[in-house]
There are 2 protein chains.
Amino acid sequence: MKISKKTDYALRALFTLVQQYSQGRPISIGQLARRNDVPKRFLERIMLEMKVKGWVTSVMGKQGGYVLAKSPEEITVGQVIRHFDGVLSPIGCVSVHQYERCNQEVACRFRRLFLEVRNHTTGLMDAATLARVNDGKPVQPEEVYSMDLIGGAGI
Amino acid sequence: MKISKKTDYALRALFTLVQQYSQGRPISIGQLARRNDVPKRFLERIMLEMKVKGWVTSVMGKQGGYVLAKSPEEITVGQVIRHFDGVLSPIGCVSVHQYERCNQEVACRFRRLFLEVRNHTTGLMDAATLARVNDGKPVQPEEVYSMDLIGGAGI
DNA sequence: CTATGTACGATTCGACAAGTCGTATATTAA
DNA sequence: TTAATATACGACTTGTCGAATCGTACATAG
Ligand code: SF4
Ligand code: SF4
């Protein structure tokens with residue numbers, strides 16, 4: 001499951017809105033774009049999609065902008081990824097929403113591996129509400145490399 | 001991390017070779033293609049890449065074909081995916097082999113989520129030798145849906 | 001010496017990610 | 001009232017990549 005820029009940008013904007021949530025004042029597209037390093041016109045598209053989804057609302061006119069439409073506990077990262085990137089499964093034969101049949105299924109040995117990945121990933125993503133994730137700490141540089149010294153393989 | 005057809009085809013062929021490994025006789029491209037439902041000319045390309053990688057060897061001439069070049073314990077699914085699809089990370093900022101810097105890293109809240117996915121995925125994939133995976137059972141139809149009844153979200 | 005195989009560069013074809021543009025419309029401060 | 005500041009939204013561009021196909025050269029067992 002590859003995360004597209006679009007999804008990444010959407011999440012950046014959402015978390016900015018979460019952090020502004022208590023304050024109640026809307027943030028303009030311009031501000032969102034600048035603070036998160038996203039092309040403004042592109043972000044416009046993205047916010048529009050999220051508005052249709054009911055995650056944000058917009059306030060028009062001067063002093064207008066965007067506000068989170070739901071409480072941060074009600075939106076999960078999984079929902080966002082699923083909307084923009086379509087699917088969390090690494091391959092069609094273990095997907096529910098976009099299942100693709102494969103005639104090798106009955107004999108396939110490695111399908112189980114993908115199923116395990118999918119189960120773990122969805123578990124994590126669907127438990128990740130904006131509220132919970134926002135309370136976590138940013139990743140420290142060393143953490144990125146931690147696994148690789150063990151496996152020797154990397155990434 | 002999306003699994004491409006190419007990777008999937010490569011794995012199908014490899015596991016066929018694993019199952020033939022004890023026998024020592026080569027299998028022709030034609031047979032591999034038919035048994036695994038892969039376009040023949042396309043598989044040709046793929047086998048060639050795997051030969052360069054040292055995973056398989058080819059025997060030319062009549063009665064020729066392909067044989068596994070290493071023992072099934074020495075090849076992991078992780079290696080195969082990494083070769084054909086480049087990367088196991090869901091996003092560049094948590095990748096080691098193809099790290100892409102992002103200027104939001106120091107403040108980013110959801111990066112940790114992707115790091116966790118990456119860690120679990122690589123752990124699984126790098127522990128999955130062809131031998132070990134080949135000894136597992138195929139997935140039963142119900143298993144695909146198991147998670148979704150809990151999370152309510154699917155995939 | 002030919003049937004049956006692999007070797008390999010070149011090429012096609014379509015889909016999709018990422019981003020841009022132009023213009024219409026809404027709201028409010030001055 | 002109107003200028004300034006917003007969002008709304010369809011159309012368009014551009015590049016990359018997955019997936020696959022072709023043509024032809026070469027190897028060797030029988
Ligand atoms: S070969 Fe196995 S993993 Fe690949 S699509 Fe078919 S069932 Fe799924
Ligand atoms: S915004 Fe966060 S998750 Fe996205 S690329 Fe930057 S650091 Fe990684």
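Cβ separations smaller than 6 Å between residues 6+ apart or across chains give the following pairs from region B:1-19 residues that are within 10 Å of ligand 1 (Cβ to nearest atom) to residues that are among the acidic types (Asp, Glu): B:7/B:85. Just one of the listed residues (B:73, B:100) is in contact (Cβ under 8 Å) with a residue 24 or more places away in the chain and loosely packed, with under 14 Cβ neighbours inside 10 Å, and it is B:73. Just the residues that are part of a helix (DSSP H, G or I), more than 7 Å from chain A (Cβ to nearest Cβ) and hydrophobic (A, V, I, L, M, F, W, C), please, taken from region B:88-113. Within region B:88-113, just B:93 meets the criteria.
Could you tell me whether region B:77-89 includes any residue that is hydrophobic (A, V, I, L, M, F, W, C) and either away from ligand 1 (no atom under 15 Å from the Cβ) or over 16 Å from the mean Cα position of the chain (by Cα) (or both)? Yes - at least one qualifying residue is present in region B:77-89. Considering only residues of region A:57-73 that are within 11 Å of residue A:21 (Cα to Cα) and part of a strand (DSSP E or B), which is farthest from ligand 2 (Cβ to nearest atom)? That would be A:67. For the residues B:4, B:58, the requirement of being more than 29 Å from residue A:87 (Cα to Cα) and either in the same structural domain as residue B:90 (by TED's automatic domain parsing) or hydroxyl-bearing (Ser, Thr, Tyr) (or both) singles out B:58.
Apart from one condition, residue B:122 fits all of (1) open to solvent by 20 Å² or more (accessible area, probe 1.4 Å); (2) facing chain A (nearest Cβ under 9 Å); the exception is (1). Every condition in (1) surrounded by 13 or more Cβ atoms within 10 Å (Cβ to Cβ); (2) more than 16 Å from ligand 1 (Cβ to nearest atom); (3) more than 8 Å from every other protein chain (Cβ to nearest Cβ) is met by residue A:61 except one, and the failing one is (1).
The values are calculated or read from the model by the stated rules, or taken from the named source; none is laboratory data. Bear in mind that the values here come from a model prediction, so they are computed numbers and not experimental data. Backbone-built Cβ (ideal geometry, glycine too); neighbour counts: all protein chains shown. Areas reflect the complete protein model, heavy atoms only, side chains present, ligands, DNA and RNA absent. Shrake-Rupley method; radii C 1.70, N 1.55, O 1.52, S 1.80 Å.
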